[in-house]
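The next block holds one structure in the form of structure tokens; read it before the comments.
The values are calculated or read from the model by the stated rules, or taken from the named source; none is laboratory data. Being a predicted model, the structure only gives us computed values, none of them experimental. Every residue, glycine as well, gets a Cβ built from its backbone with ideal geometry; the counts of neighbours run over all protein chains shown.
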Amino acid sequence: MSDRAKRDTKQRMLDSAVLLLRERGAAGVTVDAVLAHSGAPRGSVYHHFPGGRSEMVLGAVRQAGDHIAAVVSESAAEGDVALMVQRLVAFWKRALTKTGFRAGCPVAAMALDGRDLVPEAGDVVREIFARWHDSIAEALRDNGFDAPRAERLATVVVSVIEGAIILCRARRDLAPLDDVLVEIAPLLQRRD
């Protein structure tokens, strides 16, 4: 098998693990479920993930965390915090709609039920949420907010988006994310 094919197989497995984590939580990310979803051969698991299921799940949550961190970083680089929130909301609206409201945030899923299944999950989830928070807080400071307020607002942004995702799934409706945009926008106005 070529190096590219090996990378493609590993990536398919990670992508499948992310989707399963988003839809079923950490308990739903089993080796069998990932293999069935990705179409990867059984021997691929321990070839690509010598640590087995735990390594695969942690790789998936890190990949998902990196993806959202990239959205935050790219938007922050443009200097418009309100735009950052708009992009995050748009990302989640697309994801929820595409999956029929079945898929939520994989990092939140891991935070809720992953620690018992994967002991290292707590540290990984804390690091991902901290990275998101710190990027948002930095963008807020760059937009003229003092450090303490930037820290608090970053917590609010992460919390309201994560909470809205849960409400959207429960209601099968995007209105909670729309409400986030309307209500949080005034809080994030640039301070000159």
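Please find, among ARG62, ARG22, the residue that is closer than 21 Å to ILE166 by Cβ, in a helix (DSSP H, G or I) and among the basic types (Lys, Arg). None of the other options fit; the residue is ARG22. For VAL57, the test of being farther than 19 Å from VAL158 by Cβ and over 15 Å from the mean Cα position of the chain (by Cα) is failed.
Taking every residue in segment 46-62 that is within 15 Å of ASP113 (Cα to Cα) and pairing it with any residue that is of a type in the set (Asp, Glu) and exposed (fewer than 14 other Cβ atoms within 10 Å of the Cβ), at least 6 positions away or on another chain, yields no pair with a Cβ-Cβ distance below 8 Å. Would you check if ALA111 is buried (at least 18 other Cβ atoms within 10 Å of the Cβ) and either of a type outside the set (Phe, Trp, Tyr) or in a helix (DSSP H, G or I) (or both)? When the stated conditions are applied, ALA111 passes them. Only one of the numbered conditions (1) closer than 29 Å to ARG53 by Cβ; (2) in a helix (DSSP H, G or I) is violated by PRO119, and that is (2). Tell me, please, whether a residue that is surrounded by 18 or more Cβ atoms within 10 Å (Cβ to Cβ) and either among the small types (Gly, Ala, Ser) or more than 19 Å from GLU23 (Cα to Cα) (or both) can be found in segment 165-172. Checking segment 165-172: not a single residue is surrounded by 18 or more Cβ atoms within 10 Å (Cβ to Cβ) and either among the small types (Gly, Ala, Ser) or more than 19 Å from GLU23 (Cα to Cα) (or both). Taking each residue of segment 169-190 that is more than 21 Å from ALA139 (Cα to Cα) and among the charged types (D, E, K, R) and looking for partners that are modelled with pLDDT of 90 or more and part of a loop (DSSP other than H, G, I, E, B) with beta-carbon atoms closer than 6 Å, six or more apart or interchain, yields ARG169/PHE101; ARG169/GLY104; ARG172/PHE101. Across segment 138-170, the number of residues qualifying as in a helix (DSSP H, G or I), of a type in the set (Gly, Ala, Ser) and touching a Lys or Arg at 6+ places or on another chain (Cβ under 9 Å) comes to 2. Screening the candidates SER16, SER54, SER38, SER44 for the property of being modelled with pLDDT of 90 or more and either in contact with a Lys or Arg (Cβ under 8 Å, 6 or more places away or on another chain) or of a type in the set (Lys, Arg) (or both) yields one hit, SER38. SER135 meets each of the listed conditions (1) touching a Lys or Arg at 6+ places or on another chain (Cβ under 6 Å); (2) closer than 30 Å to GLY28 by Cβ; (3) in contact (Cβ under 8 Å) with a residue 40 or more places away in the chain apart from (1).
Quick grid of which residues meet (1) in contact with a Ser or Thr (Cβ under 7 Å, 6 or more places away or on another chain); (2) surrounded by fewer than 20 Cβ atoms within 10 Å (Cβ to Cβ):
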| position | (1), (2) |
| --- | --- |
| VAL72 | yes, no |
| MET84 | yes, no |
| LYS98 | no, yes |
| LEU117 | no, yes |
| ALA121 | no, no |
| HIS133 | yes, yes |
| ALA137 | no, no |
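The residue list ARG94, ARG87 contains one member that is under 26 Å from ALA164 (Cα atoms), of a type in the set (Lys, Arg), in a helix (DSSP H, G or I) and out of contact with any Asp or Glu (no Cβ under 9 Å at 6 or more places or on another chain), which is ARG94.
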